[in-house]
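Written below as structure tokens is the structure these notes are about.
Each reported figure results from applying straightforward, stated rules to the coordinates on display, with no laboratory input. Source: prediction; values computed, not measured. Every residue, glycine among them, receives a Cβ derived from its backbone with ideal geometry; neighbour counts consider all protein chains shown.
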Amino acid sequence: MMRTEHFLLPTRCRFLMGSLRSLRPIVLMSGAAIALVFVAAVAPAQVAIKGAVVHTMAGAPITDGVVLVKDGKIERVGPASAVAIPAGYKIMIGAVVTPGLVDAHSTVGLSGILNITADQMQLEKSDAFQPELRAIDAYNPREALVKYVRDLGTTTLHTGHSPGALASGTTIVVKPVGGTVQEAMVAEGMVAFTLGPSVQGTYRNPGTSGKAIAMLRGEFIKAQDYAKKLGFKDPEKRPTRDLKMELLSRILSGEVRILYTANRATDILTVLRLQKEFGFELVLDGAAEAYLVLDELKAAGVPVVLHPTMARPGGDMKNLSVETASKLKAAGIPFALQTGHEGYVPKTRVLLYEAAVAAANGLSFNDALAAITIDAARIIGVDKRVGSLEAGKDADVVIFDGDPFEYTSHVCGVLVNGVVVSETCH
């Protein structure tokens, strides 16, 4: 029985994969069909993805490779000469195949594409210190911006409240699918903190970084006392429930990590001192001047979620460098790239382009791709499920018609959890 092959490449690339006689026309989805795919729960398909080059991110790239997908998981990966495609599998073909991209820090789903009050839930401005807020309570999986980044290859998002508050809430890790946050949810994230001028620009208190750290130290000391009293055998001596203290206690016990946005070198060093004093698990975010404190970061063993490579150099990010990613790599400091949060429409950057510019400024192709796949997955704690093409992992796959970091290349196909959510060149 002949299998139907769905070719995703433009004519100039198809010769990579075989005879033109097997080509069939591409059928574009209507807007209504696209919306249905976005909202509805779709059963995972059995798919064979053939690529002239397959970047597994778990070893060397495979020339003329095949990725088999079954029941939402990756079934097998290898060269076409060693991987037989079972009958009945839908076949998708591309020039380059990669794992689904992993955005290590975003506000997508809280910030929306329209930039109006109704779709801007990324920062609560009533109080500078609200760690008890939860992104899970504000994330909108039906937001058009979610589909926008998914169609450009992002299949895992670490998202939540934006930087700008002393503590702005707990983030989440989601897939850009489903009609409810429960369907999209992968894992709880981290508690987002910020140190620097962006806090003072939004709130009257704290007015300086010194005041901010003093406030935090006071809150952590309260949390230590709260946790101690929770252990009392006499229920009457235990404290009444306090959501802030509960969360800070979880931070101090190592149950949940802090994602601390700090861009200036002086603020980065202050955060490292605070971490050393209280012993919490830390991921540094932003880190525009990280290149000035590489030795200190390396000694602290703190991973970095670096700002978007092409972020606007202003405020506490005025001294950012497009070469910082390559310098972190050379120093042996674990890092990932992110899309971050912009103050203008569409509120987020394109993850693929940020990695491409990093690759053009000192980072190797493989390291740039790792920074938005497996390395990002490790830092946000979901690398057992996503970030590489390996048997047993979630079937999140992106198909390109050329080099992913070339501007003229296109994302031609996207699978999330084994479901084909996008299948057009654009």
| query | Taking Cα atoms, how many degrees apart are the long axis of helix 265-278 and the longest axis of the chain, rounded to 10 and kept between 0 and 90? | reply | 70 degrees
| message | What is the angle, in °, between the Cα long axis of helix 243-252 and the longest principal axis of the Cα atoms in the chain? Nearest 10 is fine, range 0 to 90. | response | 80 degrees
| request: Report the residue, chosen from Lys393, Lys229, Lys327, that carries the largest GNM mean-square fluctuation when the chain is represented by alpha-carbon nodes joined by springs under 10 Å. | output: Lys229
| task | Please turn the phi angles of the stretch 213-226 into ³J(HN,Hα) values with the Karplus equation 6.51 cos²θ - 1.76 cosθ + 1.60 (θ = phi - 60°), one per residue in order, whole Hz, x for glycine and proline. | result | 5, 4, 4, 5, 4, x, 5, 5, 5, 4, 5, 4, 5, 4
| request: Give, in nm to one decimal, the length gained when the segment between Met310 and Tyr407 is fully stretched (0.36 nm per residue of separation minus the Cα-Cα distance). | output: 33.4 nm
| Along the Cα-to-Cβ line of Ser253, 7 Å from the Cα, sits a label point; which residues in the stretch 185-213 have backbone N less than 17 Å from it? | 188-191
| query | FRET efficiency for Ser81 and Glu296, Cβ-Cβ distance as r, R0 = 56 Å, nearest 0.05? | reply | 0.70
| query | When you count, for each residue, the other Cβ atoms within 10 Å and take the mean per peptide, how do 160-171, 403-414, 212-223 rank with the highest first? | reply | 160-171, 403-414, 212-223
| With r defined as the distance between the Cβ atoms of Glu281 and Glu183 and R0 fixed at 41 Å, what FRET efficiency is calculated, to the nearest 0.05? | 0.90
| field | Simple Cβ-charge dipole of the stretch 102-380, Lys/Arg +1 and Asp/Glu -1, about Cα centre, in debye nearest 20 | value | 400 debye
| Assigning unit charges at the beta carbon (Lys, Arg +1; Asp, Glu -1) and nothing else, what dipole magnitude in debye, to the nearest 20, does the stretch 181-328 show about its Cα centre? | 440 debye
| Each label point is 7 Å from the Cα along the Cα-to-Cβ direction; what then is the distance between the points at Asp242 and Asp127, in nm? | 1.1 nm
| Which value at 222 nm does the chain reach when only helices count, each DSSP H run of 4 or more adding -39,500 (n - 2.57), with the total divided by all residues and rounded to the nearest 500 deg cm²/dmol? | -7000 deg cm²/dmol
| lysines whose Cα lies under 20 Å from that of Lys393, excluding same-chain neighbours fewer than 8 positions away | Lys50, Lys70, Lys73, Lys90, Lys175, Lys384
| query | Does anything in the stretch 118-132 have its amide N under 13 Å from the 7 Å Cα→Cβ label point of Asn205, and if so which residues? | reply | 127-129
| note | Descending packing, highest mean Cβ count within 10 Å first, for 82-89, 235-242 is 82-89, 235-242
| field | Separation in nanometres of the label points that stand 7 Å from Cα toward Cβ, at Lys228 and Leu114 | value | 5.1 nm
| query | Tally Lys/Arg at +1 and Asp/Glu at -1 over every other residue whose Cβ is under 11 Å from the Cβ of Cys412; what's the total? | reply | -3
| said: So, R0 is 30 Å and r is the distance between the beta-carbons of Ala391 and Arg217; what FRET efficiency does that work out to, to 0.05? | reply: 0.05
